[in-house]
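Take a look at the structure set out below.
The values are calculated or read from the model by the stated rules, or taken from the named source; none is laboratory data. Computed from a predicted model, the values in this text were never measured in an experiment. Cβ coordinates were reconstructed from backbone atoms using ideal geometry, including for glycine residues, and neighbour counts include every protein chain displayed. Protein only, heavy atoms only, side chains kept; ligands, DNA and RNA dropped before computing areas. Shrake-Rupley method; radii C 1.70, N 1.55, O 1.52, S 1.80 Å.
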Amino acid sequence: MRSEIAKRKHPHRHRIRSALGLTALAATVLVILVLALTGFLFITRGTRLQSVRAVGERDHRLAVTDPLFVPTMELLTRTAMPAGSTVELLTNGDGTFPRLWSDLRAARRSITVEMYYAQPGRVADTLAAILRARAHTGVRVLFLYDAFGAQNLTDGYLDSLHTAGISSAAFHPVHWYSLHRSQQRTHVRAVVIDGVIGYTGGFGIADKWLGDGRHLDEWRDTNVRIAGPAVMQLQAAFAAGWLDATGQLLVGPAFFPLPLLAGDSATAVHGEPARTRPRAERASTQHEAAAAATVVPQLAGVLHTSPGVGSGAAERFLALSLAGASHTLYVTNSYFVPDDDFVALLIAAARRGVDVRVLTAGEHTDIGVTRYAGRALYERLLRAGVRVYEYRPTMIHAKTLVVDGVWSSVGTMNFDTRSVAFNEESNLLVQDARFGAAMDSLFLSDLRFSTEITLGNFARRGWLERVKEWGAHRIARVL
């Protein structure tokens, strides 16, 4: 009765309340619809894996030096690691781009490029000029870029590639009707030349990757140059991304040379054994000259991970690697935000006497909220004996891991849920003591330019820092 009287006395107020109620309902429905379309429950999920156990072993572990380790890794991550690949460790722009440009200029049949991050500048211009020049000589060139990470590439830049006969494609452009897959990005870096030389790592096509990684605005990164059977796996990762973006599945000897498929890494670009070609032609092939300088047959394979439902290859790789450490475990990662289960694996390693050290970005990080989310974990790690360092000179963007000086990984995978659960990623896995020694040396060298975070100093940080860490950690899964 009173409500009816109120309606008669204040009709405008009643209409305003009704309108506000309908607006709130509409907004709620819209939010639910958007979250459903973007797969909110998917992008906020954590990893499934909680522990690693080697049944029948006294300490319930499978060490990285155990003869069963590599076969187990191959089976559980679906990553073959045949012998015969040669791998060169490349650091920063100074150690990467001159070598990459040289290999690209020597291409004779095909070039495939898959890149998450690209931005206008000197690096992008150099790449475009080389690709156009090779395309004009008849080399088949394909350029795949992530629609989010490379959104700053201009139409003019892409048009210049098309005019030269280069095929390009965007990975998962954002449209209203495809929001459900907008969170799935290709974070892969894959450059393959003639199907015989490959590059992957943390680098992107942008000028901030130029330099030596020891000065401000010259990002510190780690990459690899690959020759041999592992190149085919990197090419397959590109082919998967190209299929997703274009609907076209790539096959044939221009992209997958038969000799390399058969495991012969010392074959010529055109497929015949190198020893049967004229000496002058052998000497002029830059691919083989570069590979000959570092002929170190290694067990190596490219781990290509894709999002899916349930446990994925990325988390199985990380878990096996962390659980397999017996002496040293050195992690370098620009975005270090492991979930609770991986924090537990790091702590377990430290408590069984492993020298566990983590090197991550310092104050020069490009994504501050991610740094705070990671720092929220520091106290737990430090109390367990894990040593944590932050890089001082500039942004460190490397994503590497080396265990017991023999098991190594270099690639694109960040130590966070986004990379582990729903990005396309590419990591080169290597089982080799000489390569592991180089990885150890590089890690320890970086520590000279880093600040170690001690429990005493970290405990004295201010309340505002603590609030930022708490807030960032609450949204860690969607960073």
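Summary of values
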item: Any hit, the stretch 375-397, residues being surrounded by fewer than 18 Cβ atoms within 10 Å (Cβ to Cβ) and of a type in the set (A, V, I, L, M, F, W, C); result: yes
item: Sole exception among (1) crowded, with 22+ Cβ neighbours inside 10 Å; (2) in contact with a Phe, Trp or Tyr (Cβ under 7 Å, 6 or more places away or on another chain); (3) farther than 27 Å from H215 by Cβ; (4) not charged (D, E, K, R) for V430, by number; result: (2)
item: Conditions (1) open to solvent by 50 Å² or more (accessible area, probe 1.4 Å); (2) at pLDDT 95 or above; (3) over 21 Å from the mean Cα position of the chain (by Cα): number failed by D194; result: (1)
item: Number of the condition not met by V251 [criteria: (1) farther than 24 Å from R132 by Cβ; (2) not in a loop (DSSP other than H, G, I, E, B)]; result: (2)
item: Elements of type strands (runs of 3 or more DSSP E) contained in the stretch 392-479, each with 2 or more residues being more than 21 Å from E363 (Cβ to Cβ) and modelled with pLDDT of 95 or more; result: 399-403, 407-411, 423-431
item: Cβ pairs under 9 Å, 6+ apart, first in the stretch 413-426 and farther than 16 Å from A240 by Cβ and of a type in the set (D, E), second open to solvent by 10 Å² or more (accessible area, probe 1.4 Å) and modelled with pLDDT under 85; result: D416/A476; D416/R477; D416/L479
item: Of all residues in the stretch 346-360 being of a type outside the set (D, E) and surrounded by fewer than 23 Cβ atoms within 10 Å (Cβ to Cβ), the one that is nearest to D446 (Cα to Cα); result: R357
item: Looking only at the stretch 109-136, and only at residues there that are in a loop (DSSP other than H, G, I, E, B) and touching an Asp or Glu at 6+ places or on another chain (Cβ under 6 Å), the one that is least open to solvent (accessible area, probe 1.4 Å); result: G121
item: Candidates V139, V87, filtered to the one that is buried (at least 18 other Cβ atoms within 10 Å of the Cβ) and within 30 Å of A437 (Cα to Cα); result: V87
item: Residue in the stretch 409-417 that is polar (S, T, N, Q) and over 26 Å from E88 (Cα atoms) present; result: yes
item: Scan of the stretch 90-108 for residues that are part of a helix (DSSP H, G or I) and open to solvent by less than 10 Å² (accessible area, probe 1.4 Å), ordered by number; result: G93, T96, F97, L100, D103, L104
